[in-house]
Structure formats: structure tokens, C-alpha cells
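Please treat every number below as a calculation from the coordinates, not as lab data. For clarity, every value in this text was computed on a predicted model and none was experimentally measured. Note: ideal-geometry Cβ built from the backbone for every residue, glycine included; neighbour counts use all protein chains shown.
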Amino acid sequence: MTYSEAEEILRKHNIKPSLLRYKLINYLSQHYTHPTIDTIYRELKPEIPTLSKTSIYNNLYLFVEKNLVQILKIDEKEIRFDYDTTPHIHFKCEKCGKIYDIHTNIEFHDIKQLDGFTVNQTILFMKGVCAKCNEKEKKN
Ligand SMILES: [Zn+2]
Ligand SMILES: [Zn+2]
């Protein structure tokens, strides 16, 4: 992503562009791995020596507030960020710790019990063992 592309995206979401904000969305748009603040800090620190975890935290929460990024709260300690804001299911593998994006065409608003409700956000979270880990288990 170029700086001007990022600038346009930020402006569209009513966020004032800055170099750090550019670096953050550039990183997130290239890593759909649901990184934590610690991971982003480790990855960007060599490029931005003045970087602090607080500034990453503040900017990411602003992105979430402006619907540019989705937040994933797995538990109190594990907070991750996702540049894909479309409704999708997250599956966390209890063996390898990887978080998978599961895209489905299930239309949740078709659910009968939701008649008359307004849904603003859909959070779907699954836990288990991924296909790769199950495959490994079989071989052993
Ligand atoms: Zn796994
Ligand atoms: Zn995701």
C-alpha cells in the first residue's frame, strides 16, 4: 500500500493521516493473521525507533471506533486486530494457536428470532483443533 492510498482510506474513515497510521494500516492489510499489539510493536519497532505500545494501542482503538479495523477479544489478555471488517467467523486452534477466518454465506439476518431486531455487529467465535493439527495427530 502506498502512502497516498493509505491517506485516502484514512480520510474516508475521518481519520487524520500520519506516518504511524500509514504504517499500521499497511501492516494490517498485509498480515491477515490477527496480530496483537505486541506483535505489531515487535514488527514495526525497527522501522520506527520512537514507537511505543501506547501509541499503537491508541491508534488501533481509533481505527476500531471508525470501523476501519475489527477488534477480536479472545479473552482479557488476548486482544487482536483484523483489517477485514466483513462479518466472518473466527476459529482458534487450541493446538497451534492460529486464528482462521471462516467466510460463509449464511445470512444471519434471515434468522426468524431476529425479526424486529437491528443487528449492528455479529461476532462469531469457534474453538477447536484445525485440519492441519488433526492431520498431524493422525500421522503420529
Ligand atoms: Zn492448529
Ligand atoms: Zn478475521
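Once you have the alpha carbon radius of gyration of region 89-139, what is it after dividing by 2.2 N^0.38 Å, with N set to its residue count?
Cα-based Rg divided by the globular estimate yields 1.55.
When a footprinting reagent is the concern and you count Cβ atoms within 10 Å, what order do 125, 81, 91 take, fewest first?
By the 10 Å Cβ count, ascending, the order reads 125, 91, 81.
With θ set to phi - 60° and the Karplus curve 6.51 cos²θ - 1.76 cosθ + 1.60, what are the ³J(HN,Hα) couplings of region 105-121 in order, to the nearest whole Hz, using x for Gly and Pro?
Couplings: 9, 4, 8, 5, 6, 7, 4, 3, 5, 8, 4, x, 8, 10, 9, 9, 8 Hz.
Order of 48-55, 63-70, 113-120, 22-29 by packing, highest average Cβ count within 10 Å first?
22-29, 63-70, 48-55, 113-120
Over region 20-101, what is the relative contact order in whole percent, taking alpha-carbon pairs under 8 Å and six or more residues apart?
Computed value for region 20-101: 29 percent relative contact order.
Set the Förster radius R0 to 30 Å, insert the Cβ-Cβ distance between residue 112 and residue 31 as r into 1/(1 + (r/R0)^6), and round the FRET efficiency to 0.05.
0.20
Using unit Cβ charges (K, R positive; D, E negative) and no other charged atoms, how large, in debye to the nearest 20, is the dipole of region 15-140 about its Cα centre?
So the dipole magnitude of region 15-140 works out to roughly 480 debye.
Given C-alpha coordinates of region 3-82, what is the ratio Rg to Rh with the Kirkwood estimate of Rh?
A ratio of 0.93.
Compute the Rg to Rh ratio over the chain from the alpha carbon atoms, using the Kirkwood formula for Rh, and round to two decimal places.
1.02
Rounded to the nearest 500, what is the 222 nm mean residue ellipticity of the chain from helices alone, with -39500 (n - 2.57) per DSSP H run of 4+ residues and division by all residues?
That comes out to -11000 deg cm²/dmol.
Distance between the C-alpha centers of region 116-131 and region 48-64? Whole Å please.
27 Å
Lysines near residue 138 by alpha-carbon distance under 30 Å, same-chain residues fewer than 8 away left out - which ones?
Those lysines meeting the cut-off are 92, 95, 98, 127.
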